[in-house]
Amino acid sequence: MSMSTSTSTSTSTAAGAARRTTSSGRDPGGGRVGGGLFDPAALLRSLPEACRKLDPRVMVKSPVMFVVEIGSVLTTAYAVASPGDWFGWAVAAWLWLTTLFANLAEAVAEGRGKAQADTLRRARTGTVARRLTGGAEERVPGTALHAGDLVVCEAGDTVPGDGDVVEGVASVDESAVTGESAPVIRESGGDRSAVTGGTKVLSDRVVVRITAEPGDTFIDRMIRLVEGAARQKTPNEIALNTLLASLAVVFLIAVVTLQPFASFAGDPQTVIVLVALLVCLIPTTIGALLSAIGIAGMDRLVQRNVLATSGRAVEAAGDVSTLLLDKTGTITLGNRQAHEFVAVDGADESRLAEAAQLSSLADETPEGRSVVVLATERYGLPERDRSDVRGAEWIAFTAGTRMSGVDLAADGAVRRIRKGAAGSVAAWVRGNGGTVPDAARALTDRIAEAGGTPLLVAEADARGARVLGVIHLKDVIKSGMRERFAELRRMGIRTVMITGDNPLTARAIADESGVDDFLAEATPEDKLALIRREQSGGRLVAMTGDGTNDAPALAQADVGVAMNTGTSAAKEAGNMVDLDSDPTKLIEIIEIGKQLLITRGALTTFSIANDVAKYFAILPAMFAAAYPGLDRLNVMRLDSPQSAIMSAVVFNALIIVALVPLSLKGVRYRPRSADRMLRRNLLVYGLGGLVTPFAGIKIIDLALSTVPGVR
Amino acid sequence: MGPVPSAALQLLAMAAVLGLVHRPLGDYMAGVYRSHKHLRVERWAYRCVGADPDRGMRRGAYLRAVLAFSLAGVILLYVLQRLQGVLPGSSGLASVGPAQAFNTAASFVSNTNWQSYAGERTMGAVVQAGGLAVQNFVSAAVGMAVAVALVRGFAASRDDGELGNFWADLVRGTVRILLPMAFAGAILLVATGVIQNFAGVHEVGQFTGGPQQWNGGAVASQEAIKELGTNGGGYFNANSAHPFENPNGLSNLLEIFLILVIPFSLTRTFGTMVGSVRQGYAILAAMAAIWIGFCALMMWTEFHHGGPALQAAGGALEGKETRFGVGGSSLFATSTTLTSTGAVDSFHSSFTGFGGGLTLLGMMLGEVAPGGVGSGLYGMLVLAVIAVFVAGLMVGRTPEYLGRKIGSREIRFAALYILVTPALVLVLTALSTALASPPHSVLNSAATAVSHSHAHAFSEILYAYTSAANNNGSAFAGLNADTDWYNTTLGIAMLLGRFLPMVFVLALAGSLAEQRPVPETAGTLRTHKPLFASLLVGTTVLVSGLTYFPALALGPLAEGLAS
């Protein structure tokens, strides 16, 4: 046991580094989902677009801000009617600014996507396809291709459209789509046959069958997504909009009916003041930022190289309660690694280590290399390669023999060392006149039961053949996975490991990695059945997949993330594509989904809580003339009625700008239980929303009172 | 014992007794609504309306049954009053005029019991017993039925959208809950000295300047269901301030208990029916916190009001009965306005500016703490849906309450529910202040031009519509509401304020019942924790507080802050 602990420490450095590179979006400090950068200059650049959005036909989509725009028009009309009144002009100006700030937030959010779209568009334009028609080749523009066409791509050609390689193998530069400059291999058949339009063939020649109609290629869809043109309101956004609209209606009624009440009290109010009150009361802060939050959420995914086909999927990610993870590549590093050497029958451990090292020098598989590494790192053997050993005849590992080894000739005697699959080596020992001791068999059985793979090491010389010991190969769990799973558990997400291994091995790995459950010897049908079972219990399921046989499960899952290296069938079936093909990213996607919802909820709470202070600013200002006692509600001791109302209006406008960075970055998110998250967010955004405007309005009032003529 | 400790003790004793009783009563009610057996008298009732009590109803059918039953009640009550003059046994009282008959019919069917008439001088025995008393029972049972339908929406294990059977809920609520409890309540009231007889009018000699009459009657039996069903319509015009209805401090406390017992206990029924009593406790905690807070505030403002006359009297005693004192009156006033009862043992108009404001605000909260029988529970659950929605987003999931997703459909119904009453109250109050004649109904004339009484006059009108639209029925005495304008508009406010919310509640219930429940995980917002209960209190106060703040500022706040 102590051995296994020290092993995992020794591998953690490498694995840790791997994780940092694969999840580039996470800052090394831990849990937080990093936000995109916010550049204040972006506000200025987006100004023209923000002005274009003042079109009422656009504004009407956000009921709250539409009310503000109507209010702006109304106050402007009244200001024009009595041009000598600075107050009317000032309120009108700030209401227009409020409207503009809301549009600015949306325009900035969209602007970030547009830059990405432009890069993509460049990749798409002007490709010429070499279409095969009846064996002959003709040159046609890429946009003239239809699904089913066959095209030839050779080194230097740009792939004219999405499709599958049906002939040949080539290395392809996909940096235009993924941003990753290392070329990838694409070949006919199997799970690496899909090519994307706009990518570049670097070597060899392939024939591609086009699968997408023009205008509907992967890049086209990406452009539409990042530009926000395909953006539809998500279910939660619709629900929130309903709530906001009804709040707007409530306050509209409260303000419209206030005028007869005021007249009854003998103190009718001007339309400008009433509009100012209305705009302050309706939830403009969240109303202004709502669509920016949604766009920014999609954008955060794009920054992590994930494309979602709909905002709905991003939201669903936040609701996921069951996560299906493939073992290989997600929970464990890709390959098994040598974990320890166990000597049998009193054989010398260092002799075993040396034998293991020598016999593995000719084994170029990752497992073989890991044996060499273990021998040096843990057993202190000198590093050496084949050229350091004299008089050696190397026997390379092959899938047929399932063994590797070396024959060393020294002083006329030949010492032959072999290591490999238990059965093969045992046969070799017996063939050389030796016996396999029961202890060795017991050892291999025990390792197999623990989920590991036993390899036998044996040698044969003049004295005969004997087993030296066993190499324990095991799956290496990526570092930090146990913590990640614990985190997920705290977030209420159950993790299920999917593996082709037998149940025994699967259980061992599941126990070690801390995953909640596992599905062993999984076939695609098993996966699909598991997803359906979870869903029938009301749970939302997320999974990743890349093969064509994953497609049904990807389609069935609520969040199906296809790897970009996967087949087009898989990419079609899922509702997200990970361009980095990193299965652990699913966890980040879930966090982004949650962060999106939290940001909406937090700003809604903040917005509503703000109203209390605004009432205390505006109502005494309106009615202290009729009922002097009401001046006792003027707890902020604001300077004059007009500056009080102005301060509330100005605060209401400025808070939108102040919160644009937050809405684009998303509120701080750390995986923790719902209770703790609610307590924190209520404190920050509920209580903060109650207190902040008191301070903000007072400060603005102090500033205003220094302006001559405001009193 | 001084009046202040006595008041505090009354409040604590009431809370303790309610705490003890709510569990067994709540569980009993859950048993009643989940029962599969029918009593003989119930079977007879089902045959009368031709209903199959075992047939599950979806939201549409349930709503149609509620509306049909209530419409029939309005028509019957209207016709009874209009024909009173020709009906036998009406003690020679004339038929009621159309506007007042409509108002009264709307009032009793909507569980409001707003009375624009003086009971003993307008309604004869036939109307009282055959119309008003019947509605006292069944209008309360309708409220409970709708609440139970909503609870079934949360509790449904199948996603077939069935909400139970309205006729079964109505009949069982009446026969197994309200009738036996009213019977027991009446006996207890008689024991405290409330009259119960069939004696007529007695001439009892000369008092300052004229003959005085004492009316006998079956007061205790009506008193019991008046409080128990959160109805509030008194036998006498003076309501529970009348010594025959409410003779002493003990009867006062008993009546307050009867007002509160079913609404508070329904939280237990809710918890039991959704399979988690802790969920019921959270709702109970939120209701209790508001009720206790309001009671304490009310006592504070009534005991410590400034003004030399009030200080000399040891509290604001104008309009309060000395046998109840400031404490008993405050407790009664708070409890009657935080429920949809509207019975009064003191005159809310005479309370201090802030005190009057509290009675108003209590109703403006939507009467949810603990609210009317049934209506309090469904009102609070709708607010819980709103609170869950905002809080649920803040924990990063699509909001869920009791395993049901709160999506746009649910939010739409909840938002419409929240919209109805403020819209009715504010628009009708605005019309009444803006039009020429309605303000003249204000008796302590608005024309005196002292701004102080302007604010009070405004409070009277605001109070009338708040009371009607929230189905409370209490009045800020001082407004003559027996005019065509008020009879008609208040009647409309009562009907829309009762049945539009029911439409949305049943729509919400149906939409919840059609969902497949989502299992709870560590990522789910826990709605049985103190944090959520406080959030619910905050939502309740904030939603209505923000809506009504301007109106309150021009009424009770202006009045209260003036001194």
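The values are calculated or read from the model by the stated rules, or taken from the named source; none is laboratory data. Predicted model, so just to flag it, every value in this text is computed and none were measured. Every residue, glycine as well, gets a Cβ built from its backbone with ideal geometry; the counts of neighbours run over all protein chains shown.
Below are the figures for this structure:
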item: Flag if A:LEU244 is more than 8 Å from chain B (Cβ to nearest Cβ), in a helix (DSSP H, G or I) and at pLDDT 85 or above; result: yes
item: Given (1) within 30 Å of B:GLY396 (Cβ to Cβ); (2) within 13 Å of chain B (Cβ to nearest Cβ), number of the condition A:SER581 does not satisfy; result: (2)
item: Residue in the stretch B:199-213 that is surrounded by fewer than 16 Cβ atoms within 10 Å (Cβ to Cβ) and within 29 Å of the chain's Cα centre (by Cα) present; result: no
item: Filtered residue count, the stretch B:135-157, keeping only those that are surrounded by fewer than 22 Cβ atoms within 10 Å (Cβ to Cβ) and either in contact with a Ser or Thr (Cβ under 8 Å, 6 or more places away or on another chain) or over 12 Å from B:ARG404 (Cα atoms) (or both); result: 1
item: Residue within the stretch B:416-428 that is in a loop (DSSP other than H, G, I, E, B) and buried (at least 24 other Cβ atoms within 10 Å of the Cβ) present; result: no
item: Elements of type helices (runs of 4 or more DSSP H) contained in the stretch A:613-711, each with 1 or more residues being hydroxyl-bearing (Ser, Thr, Tyr); result: A:641-665, A:688-705
item: Enumeration of residues in the stretch A:519-539 that are away from chain B (no Cβ under 14 Å) and either at positive phi or charged (D, E, K, R) (or both); result: A:GLU521, A:GLU525, A:ASP526, A:LYS527
item: Filtered residues of the stretch A:283-292 (kept if within 11 Å of chain B (Cβ to nearest Cβ) and touching an Asp or Glu at 6+ places or on another chain (Cβ under 9 Å)); result: A:PRO283
item: Selection status of B:LEU535, touching a residue at least 60 places away in the same chain (Cβ under 8 Å), within 14 Å of chain A (Cβ to nearest Cβ), crowded, with 22+ Cβ neighbours inside 10 Å and under 28 Å from B:PHE166 (Cβ atoms); result: no
item: Cβ pairs under 8 Å, 6+ apart, first in the stretch A:346-358 and under 12 Å from A:PRO382 (Cα atoms), second of a type in the set (Lys, Arg) and modelled with pLDDT under 90; result: A:GLN357/A:ARG384
item: Qualifying residue in the stretch A:381-394 (condition: of a type in the set (Asp, Glu), under 17 Å from A:SER350 (Cα atoms) and touching a Leu at 6+ places or on another chain (Cβ under 8 Å)); result: no
item: Number of the exception - A:ALA542 against (1) more than 10 Å from chain B (Cβ to nearest Cβ); (2) surrounded by fewer than 22 Cβ atoms within 10 Å (Cβ to Cβ); (3) at pLDDT 90 or above; result: (2)
item: Some residue of the stretch B:517-524 being buried (at least 23 other Cβ atoms within 10 Å of the Cβ), more than 16 Å from B:GLY366 (Cβ to Cβ) and more than 14 Å from chain A (Cβ to nearest Cβ); result: no
item: Identity of the residue in the stretch A:476-521, charged (D, E, K, R), more than 19 Å from A:ALA557 (Cα to Cα) and part of a loop (DSSP other than H, G, I, E, B), that ends up modelled with the lowest pLDDT; result: A:ASP501
item: Any chance B:VAL543 is within 14 Å of chain A (Cβ to nearest Cβ) and not polar (S, T, N, Q); result: yes
item: Filtered residues of the stretch B:386-399 (kept if surrounded by 24 or more Cβ atoms within 10 Å (Cβ to Cβ) and either more than 9 Å from every other protein chain (Cβ to nearest Cβ) or of a type in the set (S, T, N, Q) (or both)); result: B:ALA387, B:VAL388
item: So A:ALA296, is it in a loop (DSSP other than H, G, I, E, B), more than 14 Å from chain B (Cβ to nearest Cβ) and among the hydrophobic types (A, V, I, L, M, F, W, C); result: no
item: Selected residue (only one of A:ARG637, A:ARG600, A:ARG632 is within 7 Å of another protein chain (Cβ to nearest Cβ) and under 18 Å from A:LYS698 (Cα atoms)); result: A:ARG632
item: The lone exception for A:ILE590 - which of (1) farther than 17 Å from A:ASP319 by Cβ; (2) β-branched (Val, Ile, Thr); (3) surrounded by 23 or more Cβ atoms within 10 Å (Cβ to Cβ) it fails; result: (1)
item: Condition broken by B:PRO530, with the remaining ones in (1) over 25 Å from the mean Cα position of the chain (by Cα); (2) more than 7 Å from chain A (Cβ to nearest Cβ); (3) buried (at least 18 other Cβ atoms within 10 Å of the Cβ) satisfied; result: (3)
item: Residues satisfying the stated conditions in the stretch A:575-627, i.e. of a type in the set (D, E, K, R) and in contact with a Cys (Cβ under 8 Å, 6 or more places away or on another chain); result: A:ASP611, A:LYS614
item: Residues satisfying the stated conditions in the stretch B:29-60, i.e. in a helix (DSSP H, G or I) and touching a residue at least 40 places away in the same chain (Cβ under 8 Å); result: B:MET29, B:ALA30, B:VAL32, B:TYR33, B:ARG34, B:VAL41, B:GLU42, B:ALA45, B:TYR46, B:VAL49, B:ARG59, B:GLY60
item: Within the stretch A:521-561, tally of residues that are within 20 Å of the chain's Cα centre (by Cα) and among the hydroxyl-bearing types (Ser, Thr, Tyr); result: 1
item: Residues that are in a loop (DSSP other than H, G, I, E, B) and either modelled with pLDDT of 85 or more or more than 32 Å from the chain's Cα centre (by Cα) (or both), drawn from the stretch A:127-153; result: A:GLY134, A:GLY135, A:LEU145, A:HIS146, A:GLY148, A:ASP149
item: Residue count for the stretch A:260-272, restricted to those that are more than 8 Å from chain B (Cβ to nearest Cβ) and either surrounded by fewer than 22 Cβ atoms within 10 Å (Cβ to Cβ) or in contact with a Cys (Cβ under 6 Å, 6 or more places away or on another chain) (or both); result: 5
